[in-house]
Amino acid sequence: MLNGGEGIELAGGAVITLRPVTGDDYEEMVRVYASTRADELALVPWDDAQKLAFCRMQYEAQKKDYDARFPGAEYDVLMLDGRTAGRVWIGRDEREIRLLDIALLPWARNRGVGTAIFGRLIEEARASGLRLRHMVFAQNFDALRFYERLGFVVFEDLGGYKHMEWRPSAAAPEQPTGRS
């Protein structure tokens with residue numbers, strides 16, 4: 001589990017902590033979700049209230065789907081130096097660790113947060129002997145390269161999305177030199 005209370009120190013001294021999402025975090029989690037859709041929403045002729053309503057609806061649908069498919073999922077707020085920086089949602093069962101979603105606010109991106117979170121998940125997968133899986137939008141080439149550098153391979157290509165996994169039996173992946 002990632003939210004064990006201890007922080008993860010990044011280069012430069014910044015510290016990532018995780019805490020479980022509560023009902024009080026709803027607006028913050030919608031804001032994080034909205035940040036992941038900002039580029040595409042910039043293309044629609046909606047006002048800010050309509051965009052926010054759309055993001056709330058999509059966030060709620062996503063959460064409902066994950067709750068149904070992964071009833072014991074872990075939903076955490078990512079904190080960077082005490083500020084909300086994003087979210088990480090993880091489902092686990094006897095066969096796998098499933099990264100359901102990771103999203104960072106723009107100010108927290110490219111600071112090593114994703115690399116650190118994935119490092120912890122890979123450690124967990126290696127220690128437990130479970131595979132680590134994640135789904136990636138096929139057009140997100142930066143994310144695909146990032147996951148490949150960490151040792152993930154595509155095991156299913158659904159056209160718009162690629163399902164990727166890291167297997168504990170695989171050779172040790174090259175450690176990324178850049179930031180995520």
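Observations, loosely collected:
- Length available on full extension from Asn140 to Asp67: 0.36 nm per residue minus the Cα-Cα distance, which gives 23.8 nm.
- The phi torsions of region 55-69, fed into the Karplus equation with coefficients 6.51, -1.76 and 1.60 and a -60° offset, translate into couplings of 5, 4, 4, 5, 4, 5, 5, 4, 5, 4, 4, 5, 4, 6, 7 Hz, rounded to whole numbers, with Gly and Pro shown as x.
- Note on the chain: GNM, Cα springs under 10 Å; of Leu130, Leu52, Leu100, the largest mean-square fluctuation is that of Leu52.
- Whichever lysines have a C-alpha closer than 23 Å to that of Lys162, once near sequence neighbours (fewer than 8 apart) are set aside: Lys63, Lys64
- Per residue, the convex hull volume that the Cα atoms of the chain enclose (Å³): 129
- Shape of region 21-119, Cα gyration tensor, a/c cut at 1.5: oblate
- Euclidean distance of C-alpha centroids, region 105-161 and region 35-66, integer Å: 23
- Taken one residue at a time, the phi angles of region 39-53 give Karplus couplings (6.51, -1.76, 1.60, θ = phi - 60°) of 4, 6, 6, 5, 8, 9, x, 8, 7, 4, 5, 5, 5, 5, 4 Hz. Gly and Pro are set to x.
- Residue of Asp65, Asp39, Asp157 that the Gaussian network model of the chain assigns the largest fluctuation, springs spanning Cα pairs under 10 Å: Asp39
- Accessible surface computed residue by residue for the chain, with neighbouring protein chains in place and a 1.4 Å probe, gives 54 Å² per residue.
- FRET efficiency, 1/(1 + (r/R0)^6) with R0 35 Å, evaluated for Ala38 and Asp93 via beta carbons: 0.60
- Each Cα pair under 8 Å and six or more residues apart adds its sequence gap; the mean of these over the residue count of the chain is a relative contact order of 18 percent.
- Among Ala14, Ala49, Ala138, the residue with the largest mean-square fluctuation in a Gaussian network model of the chain, with springs joining Cα atoms closer than 10 Å, is Ala49.
- Of all accessible heavy-atom area on region 1-89, the percent that carbon and sulfur account for (1.4 Å): 53
- Cα-based shape type of region 30-78, given that a ≥ b ≥ c are square roots of the gyration tensor eigenvalues and the cut on a/c is 1.5: prolate
- Think of the chain as having a plus end and a minus end, set by charges on the Cβ of Lys, Arg, Asp and Glu; of Tyr147, Ala116, Ala42, Tyr147 sits farthest toward the positive end of this dipole.
The values are calculated or read from the model by the stated rules, or taken from the named source; none is laboratory data. Remember, predicted model here, so these are calculated numbers, not experimental data. For neighbour counting, all protein chains shown are included, and Cβ atoms are generated from backbone atoms with ideal geometry for every residue, glycine included. When the accessible area is computed, the model is the full protein with side chains, heavy atoms only, and any ligands, DNA or RNA have been set aside. Shrake-Rupley method; radii C 1.70, N 1.55, O 1.52, S 1.80 Å.
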